[in-house]
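K.L.:
Before anything else, here's the structure in question.
The values are calculated or read from the model by the stated rules, or taken from the named source; none is laboratory data. None of these values were measured; they are calculated from a predicted model. Note: ideal-geometry Cβ built from the backbone for every residue, glycine included; neighbour counts use all protein chains shown. Surface accessibility is based on the protein's heavy atoms, side chains included, excluding ligands, DNA and RNA. Shrake-Rupley method; radii C 1.70, N 1.55, O 1.52, S 1.80 Å.
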Amino acid sequence: MRLALFGPPGAGKGTQAKRLAHAHGLTHLSTGDLFRAAIRQKTPLGVRVTELLAAGELVPDDVTCGIVADTLAEIGTRDFVLDGFPRTVPQAEWLVKHLAEAEAPLDAMISLEVPDDQIVHRLSRRRTDPATGEIYHLDFNPPPADTDLATLVHRSDDQPEAIQHRLEVYHEETAPVEAALRAHVPTVEIDGTGTLDEVQARVDAALAAVGEA
Ligand code: AMP
């Protein structure tokens, strides 16, 4: 099954994508993770996108579609879940065409809905373990008790100014993607509030409803 997880920053796409990947044997393709890895490794791509990510700006479409094309080529015929892509209407149009040419269209898009005020709270309390990639929320999904909190990363784009900007970018550039993809891909909207297990149960029910679980 080929899926796309859609929704604002902090909606839980990364966490739910990891769970879906684990439960259904999918490859997790996160453009944010790919860019952060490039930044850590200081590749030419990483150098080019460092400031964009820190400011919460989108990476240009040609660069983003290029890295997705390369990664999809590596994935081959394996099933996948997209997380954080597509984020603009041109990216959505590119993806539909690219997958149609490969005769491997998306089976479903899952749209996680979370109100803006909750997003701000979630992102400002989000921490990542750089060693495992695990994502935590200090209140609702805290790290194990023996974790040294100083080793966890508070992403630079999860600081208040960048969060506000990412939300603006989301409403202007990314929200219209849902309508653009809906014309081509079975789409389900999910309430993304509540616990991780509650959201996961809704995602599973939605996939069953579109015949994919
Ligand atoms: P994420 O981890 O999905 O929140 O992405 C972190 C950052 O990576 C975003 O704020 C953008 O700067 C960049 N990014 C991730 N995915 C995309 C995309 N599809 N298009 C453009 N920029 C992206």
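K.L.:
Looking for whichever is touching a residue at least 60 places away in the same chain (Cβ under 8 Å) and over 23 Å from Arg40 (Cβ atoms) here; the options are Glu168, Glu178. Which one fits?
P.N.:
Glu178
K.L.:
I've got another one for you. Any residue that is open to solvent by 50 Å² or more (accessible area, probe 1.4 Å), in contact with a Gly (Cβ under 8 Å, 6 or more places away or on another chain) and at pLDDT 90 or above - is there at least one of those in the range 124-142? Lay out the reasoning, then the answer.
P.N.:
Of the range 124-142, the ones open to solvent by 50 Å² or more (accessible area, probe 1.4 Å) are 125, 130-132, 134, 139-140, 142.
In the following step, the residues that additionally are in contact with a Gly (Cβ under 8 Å, 6 or more places away or on another chain) were identified as none.
No.
K.L.:
Return the residue satisfying two criteria in turn: it lies in the range 36-59 and is within 14 Å of Arg166 (Cα to Cα) and not in a helix (DSSP H, G or I), and of such residues it is modelled with the highest pLDDT.
P.N.:
Ranking the qualifying residues of the range 36-59, first place goes to Val59.
K.L.:
Collect the residues in the range 76-86 that are open to solvent by less than 70 Å² (accessible area, probe 1.4 Å) and touching a residue at least 24 places away in the same chain (Cβ under 8 Å), keeping them in residue-number order.
P.N.:
From the range 76-86, those open to solvent by less than 70 Å² (accessible area, probe 1.4 Å) are 76, 79-86; that's our starting set.
Of everything in the range 76-86, those that are open to solvent by less than 70 Å² (accessible area, probe 1.4 Å) and touching a residue at least 24 places away in the same chain (Cβ under 8 Å) turn out to be Asp79, Phe80, Val81, Leu82, Asp83, Gly84, Phe85, Pro86.
K.L.:
Consider Leu29 against the criteria (1) farther than 21 Å from Gln159 by Cα; (2) within 12 Å of the ligand (Cβ to nearest atom); (3) without any contact (Cβ under 8 Å) to a residue 12 or more places away in the chain: it satisfies all of them except one. Which criterion is unmet?
P.N.:
All conditions are met except number (3).
K.L.:
Looking at the range 64-75 only, could you name the residues that are within 10 Å of the ligand (Cβ to nearest atom) and either of a type in the set (S, T, N, Q) or free of Cβ contacts under 8 Å to residues at least 24 places away in the same chain (or both)?
P.N.:
The first filter runs over the range 64-75 and keeps only residues within 10 Å of the ligand (Cβ to nearest atom), leaving 64-65, 67-68.
Result: Thr64, single match.
K.L.:
For Thr50, indicate whether it is surrounded by fewer than 19 Cβ atoms within 10 Å (Cβ to Cβ), touching a residue at least 24 places away in the same chain (Cβ under 8 Å) and among the hydroxyl-bearing types (Ser, Thr, Tyr).
P.N.:
Values: surrounded by fewer than 19 Cβ atoms within 10 Å (Cβ to Cβ): yes; touching a residue at least 24 places away in the same chain (Cβ under 8 Å): no; among the hydroxyl-bearing types (Ser, Thr, Tyr): yes.
No: the conditions fail for Thr50.
K.L.:
Looking at the range 77-97, which of its residues are on the phi < 0 side of the Ramachandran plot and within 7 Å of the ligand (Cβ to nearest atom)? Can you show your working first?
P.N.:
Of the range 77-97, the ones on the phi < 0 side of the Ramachandran plot are 77-83, 85-97.
Across the range 77-97, the qualifying residues are Asp83, Phe85, Pro86, Arg87, Thr88, Gln91.
K.L.:
Moving on to the next point. The conditions are (1) modelled with pLDDT of 90 or more; (2) within 14 Å of the ligand (Cβ to nearest atom), and Arg155 fails exactly one of them. Which is it?
P.N.:
All conditions are met except number (1).
K.L.:
Would you confirm whether or not the range 102-118 contains a residue that is assigned to a helix (DSSP H, G or I) and crowded, with 20+ Cβ neighbours inside 10 Å? First the steps, then the outcome.
P.N.:
Here is the first cut: in the range 102-118, the residues assigned to a helix (DSSP H, G or I) are 116-118.
From what's left, crowded, with 20+ Cβ neighbours inside 10 Å: none.
No: zero hits.
K.L.:
Test each condition in (1) away from the ligand (no atom under 14 Å from the Cβ); (2) assigned to a loop (DSSP other than H, G, I, E, B) for Arg19 and report the one that comes out false.
P.N.:
Single failed check for Arg19: (2).
K.L.:
Conditions first: (1) within 14 Å of the ligand (Cβ to nearest atom); (2) farther than 18 Å from Lys13 by Cα; (3) open to solvent by 80 Å² or more (accessible area, probe 1.4 Å). Glu173 passes all but one, so which condition is the exception?
P.N.:
(2)
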